[in-house]
Amino acid sequence: MNQKEFENKFNHALQLKNYGEEIKSLKIFQYLAEEKPEESSVFLMIGAIYWDLGKIQEAVHSFGEAVKLKPNSEKLSLGYFHTLWENGEKHAALEEIKRFLTNNNSDIYNDILEEINEKW
C-alpha cells in the first residue's frame, strides 16, 4: 500500500468514526494496522474507538502498541495512561507517567501528579 492509498483509507475511516460508524471505522483501522504496523496514528485511532465503545482493555492494548512505536509522544502516552487508569491498572498507569517523564517534560503529567497527590 502506498502512502496516498494509506492516507485515503485513514481519512475515510476517520470520517466514519466522526459520523458515529465506529465499527466500520474500526475495521478499516485494523486493516491499516496490518498493512502499516509502523503507523502509531492507526493504533491511536483504534484505541480511541475502543475507548468510545467502552472496551477499555482493548484500548489499553492499542495505546500500548502506539506508545511502543512513538515513545516520546505525549498524546499517545496520555492515552495509554488514561486507559490504564480507567482499567483499574493504577500502578501501571503511574509507571507510564514515570517512563514518559524520564526523557520528556510534561505540564499535563505534572498537573495529573499534583492532583493525585492532593487526593491521596
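The values are calculated or read from the model by the stated rules, or taken from the named source; none is laboratory data. The shown structure was predicted, so the numbers you read here are calculated from the model rather than taken from an experiment. Neighbour counts run over all protein chains shown; Cβ positions are idealised from the backbone, glycine included.
What the table shows:
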{"quantity": "Search result, residues across region 74-98 that are under 12 Å from Ser62 (Cα atoms) and charged (D, E, K, R)", "calculated": "none"}
{"quantity": "Flag if Asn72 is modelled with pLDDT of 95 or more and under 21 Å from Leu26 (Cα atoms)", "calculated": "no"}
{"quantity": "Positions within region 87-120 being within 17 Å of Trp51 (Cβ to Cβ) and either within 13 Å of the chain's Cα centre (by Cα) or among the hydrophobic types (A, V, I, L, M, F, W, C) (or both), in sequence order", "calculated": "Ala92, Ala93, Glu96"}
{"quantity": "Glu96 being of a type in the set (D, E, K, R), farther than 23 Å from Leu32 by Cβ and buried (at least 18 other Cβ atoms within 10 Å of the Cβ)", "calculated": "yes"}
{"quantity": "Some residue of region 39-57 being within 28 Å of Trp120 (Cα to Cα), surrounded by 14 or more Cβ atoms within 10 Å (Cβ to Cβ) and of a type in the set (D, E, K, R)", "calculated": "yes"}
{"quantity": "Filter result (within 9 Å of the chain's Cα centre (by Cα) and of a type outside the set (D, E, K, R)) within region 71-80", "calculated": "Leu76, Ser77, Leu78, Gly79, Tyr80"}
